[in-house]
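Here is the structure we will look at.
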Amino acid sequence: MDLTKIQTPYTLPLSDFGAMTQSHIQVSKKGSCSEKWLDLGEAKNITYFDNQEENMIKFDIFNKRREIQADTEGNYAVQFNRNFNYLFQIDFRAKSVGEDSSKLWMEEPEWTFSCEQSDMITDPENGRTKFPVLNLATFSDLLKQIQKENFAETSVSQLNIAVHVNK
């Protein structure tokens, strides 16, 4: 998953990823959708967060090593019978926001200054080409704090997978 395609520009990066997987088994080939499929509930042994490299997020899906790990941790693990059709509704989620390593334009020294640096804009020999704004970097810090405080766990993407388990 590429975060640059789903995240709002100039916001703090999403972090603390996970996934919720709702599983269904096909019990009949006739009738309405609700008669054909039985909801097995949330399956903790289908989708796992793997790693994050820059803006790319990777998840493991159907990883046997992770399934064994889920069972030993006491998580509810759905057992999948052979010769059945399954539907998995995967909801990829971000639980928080993290620190951004890149600086916003308003945090750059040529755009912001404090009262102690006022002589920089009054001295014509300092070579400043941009007119800075008082405490713009502090304002940026405040915006970041507001983003962190108001962030709630959110869905960043969803995926539906149909699987037939063979012998």
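Just so it is clear, none of the values below were taken in a lab; they were calculated from the coordinates. Computed from a predicted structure; not experimentally measured. No Cβ is skipped: glycine too gets one built from the backbone with ideal geometry, and neighbour counts run over all protein chains shown.
Each 10 Å bin from zero up to the one holding the largest Cα-Cα distance in the range 11-65 carries the following percent of pairs: 20, 34, 26, 15, 5.
Summarising the amide proton neighbourhood of residue 37: residues at separation of 5 or more, or on other chains, whose placed amide H is nearer than 5 Å comprise 27.
Could you list the GluC sites (Glu not before Pro) in the range 1-59 that lie in coil according to DSSP, counting only those with at most 13 other Cβ atoms within 10 Å of their Cβ?
Working: sites: 35, 42, 53, 54; in loops: 54.
Answer by residue number: 54.
The residues 156, 27, 97, when put in order of fewest to most other Cβ atoms within 10 Å, stand as 27, 156, 97.
One chain, two ends: residue 28 and residue 151. Fully extended at 0.36 nm per residue, the span grows by 40.1 nm beyond their Cα-Cα distance.
Approximating the spin labels as points 7 Å out from Cα along Cα→Cβ, the residue 138-to-residue 58 distance works out to 4.4 nm.
Give me 144, 58, 5 ranked fewest to most by other Cβ atoms within 10 Å of their Cβ, as a rough exposure proxy. Intermediate results must be reported in sequence, preceding the final value.
Working: 144 17, 58 12, 5 8.
Lowest to highest Cβ neighbour count: 5, 58, 144.
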